[in-house]
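Data first, discussion second: the structure below is written as structure tokens.
None of the figures in this text is laboratory data; all of them are computed from the coordinates on show. What you see is a predicted model; the values in this text were computed from it and never measured. Cβ placement follows ideal geometry from the backbone for every residue including glycine, while neighbour counts extend to all protein chains displayed.
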Amino acid sequence: MFAAFVLVAAEKEELKLPDSPADLERGKALYDGSCQLCHGPRGDGGKGANLAQAKLPRAATDADLARVIEVGIPGTEMPGAWHMTRREVTQVAAYVKTFARVTAEKIPGNAVSGKRIYEKNGCASCHTLLDSDGVRVGGLMGPDLSNIGARRSAAHLRESILEPAKSVPDDFVDTTVELKSGRKVTGKRLNEDTFVIIINDYAGRNHVISKNDARDIAKARDKSPMPSYTGKITGSDLDDLIAFLASLREAR
């Protein structure tokens, strides 16, 4: 109840971020220590969202940005910065705002041809996109790509295609539950608490498993259900596919 009140109150907050050289220097130090692993040293994305944009989809105002840093984004891999003071949160937000001045990367390739490469390689069997009517179509085994161009840099997109195991989203970590009966269930972990784990297997079936029935739960964070396309998509085809993915910027 109290947390909900704080969030509602924060939505109406008008915030001026500190922007002195000392504040920005402190914000950079905090960002480098807590944020750059996911968002990249210059905010251009990686496992985390691309912050090098004039307008951030989830943070339209300075107060929004500070709130996202402070409390995180529920249901995503973005945690709250509970270890920072309010002043430190605003210093990080001020530093993040400087990324809007980063020169936009030039992406080679033809997005129209890239869409054909996407379809030819069966990417839609696992990933979801918006169709021309605004309806999400495609598979559910991989991340939704409808807004991937606004959230990830071209470099990260290239790495995800060629070396997908390097950065696996938490929601898609390959998980195997070995039951006491000897049966094994493998797939992506949809949800988990103290008592139950829910696995979506690679046939698309959901399994709600009591942890009392499990002998072992193994999460292969260095393994991706997506195959590597190294040697399969190369040259201009790879550039075109990345250009297509980078063009996907659904407004939220």
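Quick notes on this one:
- Charge-dipole axis of the chain as Lys and Arg at +1 and Asp and Glu at -1 on Cβ define it, positive-most pick from Val68, Ala155, Ser247: Ala155
- Coordinate range along principal axes, alpha carbons of the chain, Å, largest first: 59, 50, 35
- Nonlocal amide H pairs with Leu248, under 5 Å, H built at 1.01 Å: Gly149
- Length gained when the stretch Asp213-Ser247 is fully extended (0.36 nm per residue, less Cα-Cα span): 7.7 nm
- Positive minus negative residues near Asp240 (Lys, Arg vs Asp, Glu; Cβ under 10 Å): 0
- Inter-label distance, Val196 to Arg87: 4.6 nm, where each label sits 7 Å from its Cα along the C-beta direction.
- Distance in nm between pseudo-label sites at Ala100 and Thr128 (7 Å out along the Cβ direction from Cα): 3.0 nm
- Computed [θ] at 222 nm, helices only, for the chain once each DSSP H run of length n ≥ 4 contributes -39500 (n - 2.57): -9500 deg cm²/dmol
- Percent of Cα pairs exceeding the 12 Å cut-off, where the set is the stretch 174-220: 54 percent
- Length released on extending from Arg42 to Arg158, taking residue separation times 0.36 nm less the Cα-Cα span: 40.0 nm
- Formal net charge of residues neighbouring Arg215 (Cβ-Cβ distance under 9 Å; K, R +1; D, E -1): -2
- Label separation (Leu179 vs Glu77): 3.0 nm, computed from points 7 Å beyond Cα along the C-beta direction.
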